[in-house]
Structure formats: C-alpha cells, structure tokens
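Chemist: I have a structure here, written as structure tokens, and I will follow up with some questions on it.
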Amino acid sequence: MQDIISCLQSIATPQLIAHVIVIMVIANLMLGGCAYLILLERKVAAWTQDRIGPNRVNFSFGLVSLKSKHFGLGQALVDGVKLLVKEDYDPPQVDKILFYLAPVFAVGTALVGWAIIPWGGLMQWGDQTLVIAAADINIGIIYPLAIGSLAVYGVVVGGYASTNKYSFLGALRATAQMLSYEIPMSLCVLIIILMSGTPRAEDIAVLQAAGGLHHSWNILFQPLLAVIFFTCVLAECNRAPFDLAESEQELVGGYHTEYSSMKWALFFLGEYMHMITGSAMFALLFLGGWDLLPFLGALPAVGGIGLVLLKFAIFAGKVFFLLFVMMWIRWSLPRFRFDQLMRLAWRSLIPMTLILLLASGVIVYLRLSPWYFLLANIAVFVGGLFVGPLLPQGPPVNRRVPLAGSRFSPLVEVAAKG
C-alpha cells in the first residue's frame, strides 16, 4: 500500500495537476460556451440587420410563470433541448458506420486542438514554474496545425457517407478549400516561429509581453501576416465569406444535408470550437497572448493564482472580441464564388506568405531591428497592388450564355443588330 501511495505521489506532480485542472475548466467552458456563442451569433445578426433578435426565452422552460425574460439567455438551453429530442433520422442509402463517425471526427479534433494554448501563462508553485495549459509539449504551435488538418475528415467522410450529390459536392469543396488555406496558414506560423526563435506557445507570449520597442505584439511588426492568418482561420472554420461547403443557395446544406438531430448539431459544435481555437491562436501569435496592451509595462511572466486568473481574463477577452469580429464579418460580407476563393489562396495569399517568409529569414539572419518586418509587410502589400493586375486573369466566368428564349438569345441580338 505504501508503494502505491508513493507511486501516486510521484505521478501526481504539480504540473500534471495543473494540466488536469486546465483541461477540466477549458473543456467545460467551451462545451457550455458554444451554446451561447450561437445565441451571440443570432444577436450579432440582429444587430447587423437592425432588429432585436432572441430576447424572450427565460429559464422557466414553461414550467412556471416568470415575468423576467432574463435577456433571452434561456434561448441557448431551449435550442439544445430541442436538438436532443428531435427525431434522429438515418436515410436508408447512407453508409451508417462512416455516417456516424463523421460528426465524431468533426467535434473530436476540435476538442483537443487548443491543448497548447497557455491560457494563464506561467505560475510559480514552490520552486517549480508551471505552464497553465492542457499540454506542455515541445512542438508548441505546430500541434494545432496538425490537429486542425484532421478536421477535414469530418466534412469529407460526412459528405461521402451520405451518398447525396449535394453532400458530396460540399465535401469536395471543403477538401480543396481546407488544403489550399492550410498552406498559407502554416507559412504564417513558420514565420512567427522564425521571428521568435521557438515554437513553444508560452515563450512566444512571453517574448511579446516583454515590453519595449523590440518586444511587442507581433501584429505591429507583421500586420499583413496577421490579416492573412485571420483569413485562413475563417476559411479553415468554413466561416462566411468562405462557407462554400454548405452554401444553401447551391447545395441545399452541403456536407450535412442528410444529417439531423444531435449528429447535425455536432458539426456546428465542432465549427464553433474551431473558431475558439483559431481565435486563441491569433491572440497568442499576434496579440501578445495574456499581455494587456503593447508598449506598456508588461505583467510579470511568472506569478501566483491571482496573476494567473488576471491573465486568463485578458486572454479570454481577446478571444471573445475575435469571435465577435468573425460573426460581424459573416453578417456583413457576401459569400465568395468558389473560383474567387481558390484564386485568393493560390494567386494572393500563398505567394505573399512565401515572400514574407523569405524576407523574414533574411531579417532574422542579419539580426536587423524588428521594424524591418513591418517594412517588408508594406513592401509586399504595395508590390501586390501593382503586380496583381499584371497577372493572367484567365477566361471570364460570368460570360453570357446564348440561350434561346433568354435575354441573351442570339436571335434577339441578331434582330437588334438588323
């Protein structure tokens, strides 16, 4: 018995306990927060369209009479109950094993993608420095890229298993889109690793929060790179204006056309979790992580529980703001055509990130001031404005189709010329 106790004591190190606490807290916050992110999305849509949105459902669930509407906060719980009790219908033609596995892929990858995010920074516990993250691994910010690349399997398997042409076309679109935008996203992360000299998430945050002109938020040195990374996050999450995989006007519902009840809800649960992870990555890479403001006195890198909670609140505030921006973009911008989406990746984002990678490598090798990164960003942006129009444009995609009986009928044009 004494051997078992000593073994447990050797395993239950303070760092392991910190990992377990972070996992329990963040996982439950994400699971509960996604329901209210959907409510927030509906409120942002209402705000954008100059209407009220959900504001009447309280927490009584109709069991008791309450005068207070609780600001409509009961709407998220009611929507969850509705999805739980809806009929779970499986079409007869589907491949049932893959049909059931697809939502698991979608939400499973989202549940583990945020593991390296140092939500509370570093904590001093006795003579040990603890990393307040779910996992403290050397590959650092490369880990979310590896996990995020697996998310496409949920969409692809769901579209393939449905044996529905709309679902299959949505899956094909999602595959091409995610593979195309993973390239510039990976290059963005590689440039940040090159600037920081380390892939470890907590070290990148500490370097940005060190204060002074030479150690500040990366968005000040790499603004174009930040815009590219945020664009790639939107595309990887299948968020508007990049939601071509589920465009209702063309594909009914895309890859989830045949899904219903909680299997359908799991796809969107995974989408919102990926949004949280993407926002956390952006805050970590470009907004200083837990740092409050650039160029000001930074918070201590290591501290007690109070400092950890303060850093967590700052980090969560940045993530919440970025989620709001994603929703604002969705209800403000129209959806791209698919050819425009692919052209943006292959003709704009990938060439620009490659040039920025080369320029960043030269700046780091020559040990120049970090402000040279900003000059490189400006040069690439201005150069793109001049070079872009000179590139071959390809055949027109909105050409007139000479269809008899239409206003573009060749007979009408001949009669007009005659």
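Chemist: When you go through (1) of a type in the set (A, V, I, L, M); (2) part of a helix (DSSP H, G or I); (3) surrounded by fewer than 23 Cβ atoms within 10 Å (Cβ to Cβ) one by one for LEU293, which number turns out not to apply?
Modeler: LEU293 satisfies every listed condition except (2).
Chemist: Which one of the conditions (1) at pLDDT 90 or above; (2) not in a helix (DSSP H, G or I) does GLY211 fail to meet, given that it meets all the rest?
Modeler: The single condition GLY211 does not satisfy is (1).
Chemist: When the residues of region 127-163 are filtered to those that are among the polar types (S, T, N, Q) and farther than 13 Å from ALA102 by Cβ, which remaining residue is surrounded by the fewest Cβ atoms within 10 Å (Cβ to Cβ)?
Modeler: ASN138
Chemist: Going by the structure shown, is PHE59 assigned to a helix (DSSP H, G or I) and out of contact with any Ser or Thr (no Cβ under 7 Å at 6 or more places or on another chain)?
Modeler: Judged against the criteria, PHE59 is not a match.
Chemist: Of all residues in region 68-95 being in contact (Cβ under 8 Å) with a residue 40 or more places away in the chain and exposed (fewer than 14 other Cβ atoms within 10 Å of the Cβ), which is nearest to GLY33 (Cα to Cα)?
Modeler: Checked region 68-95; the qualifying residue nearest to GLY33 (Cα to Cα) is LEU84.
Chemist: Turning to a different aspect of this structure: Condition (residue is charged (D, E, K, R), within 22 Å of MET342 (Cα to Cα) and surrounded by 20 or more Cβ atoms within 10 Å (Cβ to Cβ)) applied to region 174-182: is it met by at least one residue?
Modeler: no
Chemist: Something else: So which residues in region 126-155 are among the hydrophobic types (A, V, I, L, M, F, W, C), free of Cβ contacts under 8 Å to residues at least 40 places away in the same chain and either closer than 30 Å to GLU250 by Cα or part of a helix (DSSP H, G or I) (or both), if there are any at all?
Modeler: Within region 126-155, ALA146, ILE147, VAL152 qualify.
Chemist: Separate question: Looking at (1) part of a helix (DSSP H, G or I); (2) buried (at least 19 other Cβ atoms within 10 Å of the Cβ), find the lone condition where MET123 falls short.
Modeler: (1)
To keep it simple, each residue is scored yes or no on (1) among the basic types (Lys, Arg); (2) modelled with pLDDT of 85 or more.
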{"position": "LEU293", "(1), (2)": "no, no"}
{"position": "VAL302", "(1), (2)": "no, no"}
{"position": "ILE329", "(1), (2)": "no, yes"}
{"position": "TRP346", "(1), (2)": "no, yes"}
{"position": "ALA359", "(1), (2)": "no, yes"}
{"position": "ARG367", "(1), (2)": "yes, yes"}
{"position": "GLY383", "(1), (2)": "no, yes"}
{"position": "GLY394", "(1), (2)": "no, no"}
{"position": "GLY405", "(1), (2)": "no, no"}
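Chemist: Does GLN75 meet the test of being out of contact with any Asp or Glu (no Cβ under 7 Å at 6 or more places or on another chain), at pLDDT 85 or above and polar (S, T, N, Q)?
Modeler: Considered against the rule, which asks whether it is out of contact with any Asp or Glu (no Cβ under 7 Å at 6 or more places or on another chain), at pLDDT 85 or above and polar (S, T, N, Q), GLN75 comes out as no.
Chemist: Of everything in region 82-120 that's of a type in the set (Phe, Trp, Tyr) and in a loop (DSSP other than H, G, I, E, B), which residue is farthest from VAL189 (Cα to Cα)? Before you say what the answer is, go through the steps one by one.
Modeler: Initial filter on region 82-120 (of a type in the set (Phe, Trp, Tyr)): 89, 99-100, 105, 114, 119.
Then keep just the ones that are in a loop (DSSP other than H, G, I, E, B); that gives 89, 114, 119.
On the way: TYR89: 42, TRP114: 15, TRP119: 19 Å.
The extreme case among them is TYR89.
Condition check ((1) among the hydroxyl-bearing types (Ser, Thr, Tyr); (2) assigned to a helix (DSSP H, G or I); (3) closer than 26 Å to GLU182 by Cα) across all residues:
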{"site": "GLY317", "(1), (2), (3)": "no, yes, no"}
{"site": "PHE321", "(1), (2), (3)": "no, yes, yes"}
{"site": "SER332", "(1), (2), (3)": "yes, no, yes"}
{"site": "THR353", "(1), (2), (3)": "yes, yes, yes"}
{"site": "SER369", "(1), (2), (3)": "yes, no, no"}
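Chemist: Which of the residues spanning region 218-248 are touching a Pro at 6+ places or on another chain (Cβ under 7 Å) and surrounded by fewer than 20 Cβ atoms within 10 Å (Cβ to Cβ)?
Modeler: If the condition is that a residue be touching a Pro at 6+ places or on another chain (Cβ under 7 Å) and surrounded by fewer than 20 Cβ atoms within 10 Å (Cβ to Cβ), then LEU220, PRO241 are the ones that fit.
Chemist: Just give me the residues in region 358-381 being under 27 Å from the mean Cα position of the chain (by Cα) and either closer than 15 Å to VAL227 by Cα or free of Cβ contacts under 8 Å to residues at least 12 places away in the same chain (or both), in sequence order.
Modeler: LEU358, PHE373, LEU374, ALA376, ASN377, ILE378, VAL380, PHE381
Chemist: I'm told PHE336 meets every condition in (1) part of a helix (DSSP H, G or I); (2) under 30 Å from ALA174 (Cβ atoms); (3) within 19 Å of the chain's Cα centre (by Cα) except one. Can you identify the failing condition by its number?
Modeler: (1)
Chemist: Can you find even one residue in region 180-194 that is closer than 18 Å to ALA280 by Cβ and not in a helix (DSSP H, G or I)?
Modeler: no
The values are calculated or read from the model by the stated rules, or taken from the named source; none is laboratory data. Quick caveat, the model's predicted, so the values are computed rather than measured. Please note: Cβ atoms are built from the backbone with ideal geometry, for glycine as well, and neighbour counts cover all protein chains shown.
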